[in-house]
């Protein structure tokens, strides 16, 4: 997984999501627009983060997930989870 570039600036953050409130769009393949990066931050629990249906990471409070612009990805809660996404450009 790539790292968030040093030159990007945060501009938006989602609400907190749980295993029950995660939007269905995040559970299916989707991508950010050109130039938009994301940072998936888990506050509690574990979240499976799949990039392009081939690279799988387990996100925890100690391990965030970087979303690259235009790269297809999705998440899946692994039990109880509390997380949000920050967007950068």
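Please treat every number below as a calculation from the coordinates, not as lab data. Computed from a prediction, not measured in an experiment: that's the story for all the values here.
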#### Entry: Over the chain: helical MRE at 222 nm, DSSP H runs n ≥ 4 each giving -39500 (n - 2.57), nearest 500
-500 deg cm²/dmol
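Taking only the alpha-carbon atoms of segment 40-82, what semi-axes of the equivalent ellipsoid follow from 5 times the gyration tensor eigenvalues under a square root, in whole Å, largest first? Don't skip to the end; give the middle numbers.
Working: eigenvalues 65, 23, 11 Å².
After diagonalising the Cα gyration tensor, the semi-axes are 18, 11, 8 Å.
Please compute one quarter of the surface area of the Cα convex hull for the chain and express it in square nanometres.
Values: hull surface 20.6 nm².
Approximately 5.2 nm², given one-decimal rounding.
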